[in-house]
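Written out below as structure tokens is the structure these notes cover.
Since every read-out is calculated from the coordinates, none of them should be taken as a lab result. What you are looking at is a predicted structure, and each value in this text was computed from that prediction instead of being measured. Cβ coordinates were reconstructed from backbone atoms using ideal geometry, including for glycine residues, and neighbour counts include every protein chain displayed.
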Amino acid sequence: MVEGHVTKYGLPLEHSAQCTVLLKFGSLNASGLYTFVSTIEDVLFKCIAVRNTAPVYKQDEVQIHCYDEYAAYVDKFNILSDQKARVRLFCLAFVSGSPVLEIGLNDRRRQGKVNSVLDDMQN
């Protein structure tokens with residue numbers, strides 16, 4: 001979570017992530033640093049999270065922040081030689097009991113057939 005972000009309604013977060021800086025890296029070789037960061041992200045993305053105790057929060061809360069990124073290389077003749085676009089999602093969740101939380105974005109498998117909170121309350 002980026003420092004200074006607030007909720008959808010303009011209220012500060014009830015919870016906040018605890019972050020500890022262990023190491024800082026720098027390099028004069030940009031491509032080597034990008035490769036290093038990409039490798040670390042790939043390894044961390046595949047890590048299995050293990051929690052022995054189920055936390056209990058006063059208020060359950062899930063926030064997702066979406067960032068569109070675009071990078072392009074244009075030479076001095078205004079010719080586009082390379083481009084990259086990606087979307088990054090940063091999730092911050094405080095849900096009691098550590099349940100399995102599934103979030104679908106443009107989910108083709110479900111095709112919009114999802115039970116909403118209102119449907120659950122009516123049944």
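Brief remarks follow.
- Database remark: amide H of V95 closer than 5 angstrom to the amide H of E61 (H placed geometrically; neighbours at sequence offset of 5 or more, or on other chains; Pro and chain starts carry no H).
- Sites matching trypsin sites (Lys or Arg not before Pro) across the range 13-100 that sit in DSSP coil, with at most 12 neighbouring C-beta atoms within 10 Å: K24, K46, R51, K58, K76
- Couplings 3J(HN,Hα) for the range 42-54, derived from phi with the Karplus relation 6.51 cos²θ - 1.76 cosθ + 1.60 (θ = phi - 60°), are 4, 5, 5, 5, 8, 5, 8, 8, 10, 10, 7, 10, 8 Hz, where x marks Gly and Pro.
- Whole-Hz Karplus values for the range 25-34 come out as 10, x, 7, 8, 9, 5, 5, x, 5, 4 Hz, taken residue by residue from phi with 6.51 cos²θ - 1.76 cosθ + 1.60 and θ = phi - 60°; glycine and proline positions read x.
- Taking L92, L23 and counting other C-beta atoms within 10 Å, the order from fewest to most: L23, L92
- Label sites at I79 and Q63, each approximated as a point 7 angstrom past Cα along Cα to Cβ, lie 4.6 nm apart.
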